[in-house]
């Protein structure tokens, strides 16, 4: 089926998320929609899927105009969507999830789950998905959940499949599996719209590329374009994809974790007997797919979760039993993973957010009272130092973009002498420009002699920042490897393969991924 | 495809022994306390030496009679006390080994504890009538069960309904008025669901149309219904009670054969049509919720409404429909207070039963069958209190009247274990 979007415009209030967007997807084509976070890719696809109503423009399928008043219409027209955040009910079985909305029934409008099961089994075996129809969604790994979403779309005879940031939650190897699935679907005549901001994947799989920036189409590109060309198109200026840094000059290990074990509310072990040392003046990056215990490890270090066993020592002192405030007082800087809920308070002003953990200390406080004038003056200084773009320091922080909010968080955490820095996903959801800035500040902090622990699920970021890399899988540290470790080895380790075996498999060539192959292409 | 597609979420830790979960001493402590109470208060120092207790089962209509059982009060209580002490010891031992015990354990323990208590409490009067005790328990459970079903249908679709209390009261009121005006109790039964649904209309209007906090709306609605019925009661109903508030009672319809089984027959099958309707509602809801298209969609909009929306299920329309159906169910339950019991309407006669119904729903883990057993437990506790205080036992009657509420607190606070409410419960769903 051929899909065409003509002049699609979608506004939210005064904000134009999509501005006269044109897009053509030919039958059996894998078309990449490339753009930064917030460029309007997801809005466009939600419009196409009938979740949003566009203010202007039309959608054509096989050259006939169609209008969708809801996702039901889009599905009927042959469009299937795999959302970035999966639309699966965690407590349902796979068969129930696939049946939902299109329930096969038998007499008396009772569910015919046997038929739903059969459908799942059919599609699963046709594409080699290996999905058990009776498995409960929340027990499945994300890669399998994504395949359930694809089965959902295929079971409704989707001719056009929209994949919204499908690789964000996958290991490199799982990404390879997904690419293989996409190829099979394409061979079967399905058109695929592939939304991403990851340049590497686009070049590995796409037949055509449309780049959008700030809600507008800024150009078409071919998969042969180099990564920096694509990045330049996406960001609108020349960008450096890697941050310049000198080799680390590590001192003695002042921070260490021994046998740390964290158990979550449902008694699952999420951090499992982790031991790590971080030296002064080095960055230890913690790599791993989201949800493998990295976040809990970071939270245990700052004291947000109580470990069940093990110790954490900083400068020779055990941190056990210390409150978060006391730990901050010992000089730990903490950049939380979820900026909007844990990093800032949206309705507070920018200057207030800069002193969230220093409000009761000099010079911001004097006895019982705060010193608003000092808060403002110090805030203005940080605005300059951290290049925060704002109209007034007294505006609520929610008026700032994600990148500038993160700079406020960094200005707070790095703006005092630190003995150690923990940053969880420091650049998640940021534009390329802000990422560069954040990386530079973290490297500067390292160079001033602070031991740094950076948790990141983006392999690019890990390779960019790390002096050593600890890979976590299911709560355990699979191995600690040097910074120049090949991408494929890290990918295998992120799937739980031990370092030696991963190295051996990469050397004999049995584990090279498509993504890394794309990297080797002359750009 | 890789071989690792089907995996369980997490494996056991590497250093397993070091991080065993802490021992849960809650249950062993409760068991031990109850066992000691049995042994000492009901047995050794119960003051029932030389007395005897008779449990009677006959109801006069039985196919065959079960002879009454007479036991010697003090030795029986002591014997049960010893068994309970042994059970508490087993529970403690298993807890120390971190092993789980099946649901049968607390059930057996509870029945034995209750037997010991009845043996002791009946020692003075000599006779405990088992059949009326159970029949009364079922009767008192009727509004609780209807209320719990109402709460469950709402919450499974993501709407918290605190207004069950008000819906019961509204149902009781309208049933009484209509039955009295038409001089037919069945007319009241037909009218009652509309009263409950009317309250639900207001609830959905504010909760779904205007995203008002559902708990606040529910509380306000309860107050509103109390005020409204009180006002109408003291103006219209008391002006002309013959016309508007005459007593009407649904007749008992014995079911042939089933109604003649000893104990079970009089308890379950010699009831009014309202109780038989209750059986139907529970059975239908159970099947519908877990085996029908409606049930799948209802559970989806209560867990993850956006997922339902993306497959074309109108979330808010389904929520409105379900809440209205739920209101109707609660209204029907309210009819029990008036036409179901043969009473005229009285001010605030629902007396907090709507909240106990909510507790039954939670204790039953949002499952119709579980909620029924929870409601029966509360109904039994209440009837036991009533029966014992009229029989004249050593326990002060005011204390006995607290029994259902004490059971509620213990049940909901301690014995539920891990419950999981529908994930989107109480959250308004808005589309961009």
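The values are calculated or read from the model by the stated rules, or taken from the named source; none is laboratory data. Computed from a predicted structure; not experimentally measured. Note that each Cβ is placed from the backbone with ideal geometry, even for glycine, and that neighbours are counted across all protein chains shown.
Structure values in brief
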| quantity | calculated |
| --- | --- |
| Count of segment B:250-272 residues which are in contact with a strand residue (DSSP E or B) (Cβ under 8 Å, 6 or more places away or on another chain), closer than 20 Å to residue B:148 by Cβ and not in a strand (DSSP E or B) | 1 |
| Residue under evaluation residue B:332, criteria (1) surrounded by fewer than 17 Cβ atoms within 10 Å (Cβ to Cβ); (2) away from every other protein chain (no Cβ under 14 Å); (3) modelled with pLDDT of 80 or more, criterion not met | (1) |
| Residue satisfying condition, being closer than 13 Å to residue B:332 by Cα and surrounded by 24 or more Cβ atoms within 10 Å (Cβ to Cβ), within set B:191, B:175 | B:175 |
| Any chance residue B:133 is over 16 Å from residue B:278 (Cα atoms) and either out of contact with any helix residue (DSSP H, G or I) (no Cβ under 9 Å at 6 or more places or on another chain) or surrounded by fewer than 24 Cβ atoms within 10 Å (Cβ to Cβ) (or both) | yes |
| In segment B:262-298, residue nearest to the other protein chains (Cβ to nearest Cβ) [restricted to those that are surrounded by fewer than 18 Cβ atoms within 10 Å (Cβ to Cβ) and modelled with pLDDT under 90] | B:264 |
| Selected residue (criterion: modelled with the lowest pLDDT) from residues of segment A:324-337 that are in a loop (DSSP other than H, G, I, E, B) and either within 24 Å of residue A:479 (Cα to Cα) or in contact with a helix residue (DSSP H, G or I) (Cβ under 9 Å, 6 or more places away or on another chain) (or both) | A:337 |
| Yes/no for residue A:247 being over 25 Å from the mean Cα position of the chain (by Cα) and assigned to a strand (DSSP E or B) | no |
| Number of the condition not met by residue B:18 [criteria: (1) modelled with pLDDT under 65; (2) in a loop (DSSP other than H, G, I, E, B); (3) within 14 Å of chain A (Cβ to nearest Cβ)] | (2) |
| Residue satisfying all of: in segment A:384-418; in a helix (DSSP H, G or I) and without any contact (Cβ under 8 Å) to a residue 24 or more places away in the chain; surrounded by the fewest Cβ atoms within 10 Å (Cβ to Cβ) among these | A:384 |
| Identity of the residue in segment A:128-165, in contact (Cβ under 8 Å) with a residue 60 or more places away in the chain and in a helix (DSSP H, G or I), that ends up surrounded by the most Cβ atoms within 10 Å (Cβ to Cβ) | A:152 |
| Among (1) touching a residue at least 40 places away in the same chain (Cβ under 8 Å); (2) surrounded by fewer than 22 Cβ atoms within 10 Å (Cβ to Cβ); (3) within 30 Å of residue B:283 (Cα to Cα); (4) more than 23 Å from the chain's Cα centre (by Cα), the one test that residue B:204 misses | (2) |
| Failed criterion for residue B:394 (all others in (1) modelled with pLDDT of 90 or more; (2) more than 14 Å from every other protein chain (Cβ to nearest Cβ); (3) not in a helix (DSSP H, G or I) hold) | (1) |
| Conditions (1) part of a helix (DSSP H, G or I); (2) away from chain A (no Cβ under 14 Å); (3) in contact with a helix residue (DSSP H, G or I) (Cβ under 8 Å, 6 or more places away or on another chain); (4) modelled with pLDDT of 90 or more; number of the one not met by residue B:348 | (1) |
| Only listed residue being in contact (Cβ under 8 Å) with a residue 60 or more places away in the chain and either outside any strand (DSSP E or B) or surrounded by fewer than 19 Cβ atoms within 10 Å (Cβ to Cβ) (or both), chosen from A:355, A:301, A:345 | A:301 |
| Complete set of residues in segment A:262-284 that are at the interface with another protein chain (Cβ under 9 Å from one of its Cβ atoms), in contact (Cβ under 8 Å) with a residue 60 or more places away in the chain and over 24 Å from the mean Cα position of the chain (by Cα) | A:273 |
| Selection within segment A:68-85 - within 25 Å of the chain's Cα centre (by Cα) and at the interface with another protein chain (Cβ under 8 Å from one of its Cβ atoms) | A:81, A:83 |
| Unmet criterion (only one of (1) within 24 Å of the chain's Cα centre (by Cα); (2) closer than 24 Å to residue A:473 by Cβ) for residue A:312 | (1) |
| Check on residue B:312, over 30 Å from residue B:187 (Cα atoms), out of contact with any strand residue (DSSP E or B) (no Cβ under 9 Å at 6 or more places or on another chain), within 14 Å of another protein chain (Cβ to nearest Cβ) and not in a helix (DSSP H, G or I) | yes |
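Residue-wise test of (1) facing chain B (nearest Cβ under 7 Å); (2) modelled with pLDDT under 90; (3) under 23 Å from residue A:75 (Cα atoms).
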{"site": "A:98", "(1), (2), (3)": "no, no, yes"}
{"site": "A:119", "(1), (2), (3)": "no, no, yes"}
{"site": "A:132", "(1), (2), (3)": "yes, no, no"}
{"site": "A:138", "(1), (2), (3)": "no, yes, no"}
